[in-house]
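One structure is given below, encoded as structure tokens.
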Amino acid sequence: MKLTLTQLADMKRRGEKIVMVTAYDAPGARFADAAGIDILLVGDTAAMVVLGHESTVPVSMEEMLFMTRTVVRSAERPLVVGDMPFGTYQVSDDDAVRNAIRFVKEAGADVVKLEGAGPSLSRVRAIVGAGIPVMGHIGLTPQSATMLGGYKAQGRTAAKARQLLRDAQALEAAGCFAVVLEAVPAAVAAHITETLTIPTIGIGAGAGCDGQVLVYHDLLGLEEGTSPRFVKRYASLAGEIRDALRAYADDVRSGAFPQPEHTYSIPDDELALFEAQLQERGAEHE
Ligand code: KIV
């Protein structure tokens, strides 16, 4: 049965940790559901880890809807969050509501997520007013990384930490049911978590948050090279996948694959008939 927002709120009250992971396709969603993950975020990180872009900015609404639909039909229990891509809510409340409705109506998302406070507060109020639950996201907000001076931790001065706390409180007051804290000092995130009544989901925000989120490709080691310090790799699948593909290529080239057990047979009498027919045809064309 689908996890409800009431159950999420109860988890915070009971001090039970909330587990969220990103998902972009059917296998990922199925694995996560089977593993008992609570929330699946169809994140705009898809732009980077699935579509090969340099940042989250280029992913389109249509691409996000396509992936969200796939995740929705592949997972039963987890709450599915549609991440509103850059440009779909920045211009006006009307745009924000229209695009949030598309996530729910056309893709089947349970809720949506958007980044920032400030101008985003009025978007949250408008979307919640339209009956769609919203997850906030503050701290390092990748859609505005250029404005923030790059991909770096936020809230590292007293003034900035105070502003983050105010933003989190404003998002709660605007109607968010949860808020992601990304790349925020653990002590600041813990303080925000204690102050809010809604759950906080941390990514690079320490153990004091009510829950944690990681990007699927990061935690499975599907991405190679250096990852942010907050990533813990639970597997190194990139190497395994590359080795498997190399072994397949070697087998095809050497003739070691396919073997008889990988092929289909035809009864001997049917094969004999087929070959006889081929010979007759050959004679006709001589
Ligand atoms: O898009 C995403 O994957 C996210 C998480 C990193 C929180 O927003």
Computed over the chain, the relative contact order (Cα-Cα under 8 Å, seq sep at least six) in percent reads 14 percent
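Net charge within 13 Å of Ile241 by Cβ-Cβ distance, Lys/Arg positive one each and Asp/Glu negative one each, not counting Ile241 itself? Kindly include the intermediate steps, with their values, before the conclusion.
Working: positive: Arg242, Arg246; negative: Glu223, Glu224, Glu240, Asp243.
Within the 13 Å Cβ shell, the charges total -2.
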Note the full-extension length gain between Thr263 and Arg13 as 0.36 nm times their separation in residues minus their Cα-Cα distance, in nm to one decimal.
-> 84.3 nm
Go ahead and set up a Gaussian network model of the chain, Cα springs under 10 Å, then flag whichever of Ala34, Ala183, Ala26 fluctuates most.
-> Ala34
Of Lys2/Lys160; Lys152/Lys232; Lys105/Lys152; Lys113/Lys152; Lys105/Lys232, those spanning more than 28 Å from alpha-carbon to alpha-carbon = Lys2/Lys160; Lys105/Lys152; Lys105/Lys232
Label 7 Å along Cα→Cβ of Ala187; region 113-156 residues with amide nitrogen under 13 Å?
-> 156
Per the Cα gyration tensor, region 140-211 corresponds to an equivalent ellipsoid with semi-axes, largest first in Å, of 18, 13, 12
What does the charge add up to near Val57, with Lys and Arg as +1, Asp and Glu as -1, over the other residues with Cβ less than 12 Å from its Cβ?
-> -3
Charge sum, other residues only, whose C-beta stays under 15 Å from Thr141's C-beta, Lys/Arg counted +1 and Asp/Glu -1 | -1
Rh_Kirkwood(the chain) over Cα pairs, Å, one decimal, evaluates to 21.0 Å
So which chymotrypsin sites (Phe, Trp or Tyr not before Pro) in region 196-259 end up in coil per DSSP with only 15 or fewer other C-beta atoms within 10 Å?
-> Tyr234
Among the trypsin sites (Lys or Arg not before Pro) in region 221-286, which ones are in a DSSP loop with at most 10 other Cβ atoms within 10 Å of the Cβ? Mind listing them?
-> Arg229, Lys232
Quantify how much of the Cα-Cα distance distribution of region 64-113 extends past 17 Å, in percent.
-> 28 percent
Simple spin-label estimate for Ala26/Thr226, 7 Å along Cα→Cβ, in nm, reads 3.9 nm
Region 1-156 - Kirkwood radius from inverse mean 1/r over Cα pairs (Å) = 15.9 Å
What percent does the relative contact order of region 140-286 come to when contacts are Cα pairs within less than 8 Å and at least six residues apart?
-> 12 percent
Quick one: Karplus J couplings for region 135-151, per residue in order, coefficients 6.51, -1.76, 1.60, θ = phi - 60°, nearest Hz, x for Gly and Pro?
-> 9, x, 7, 10, x, 7, 10, x, 5, 10, 4, 5, 5, 7, x, x, 7
From DSSP H assignment alone, runs of 4+ in the chain each adding -39500 (n - 2.57), the sum over residues rounded to the nearest 500 puts [θ] at 222 nm at -14000 deg cm²/dmol
Qualifying trypsin sites (Lys or Arg not before Pro) for region 88-178 [loop in DSSP, other Cβ within 10 Å: at most 11] = Lys152
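Read-outs: derived from the displayed coordinates by stated rules, not from any lab. Since we're looking at a predicted model, the values are computed, not measured. Every residue, glycine among them, receives a Cβ derived from its backbone with ideal geometry; neighbour counts consider all protein chains shown.
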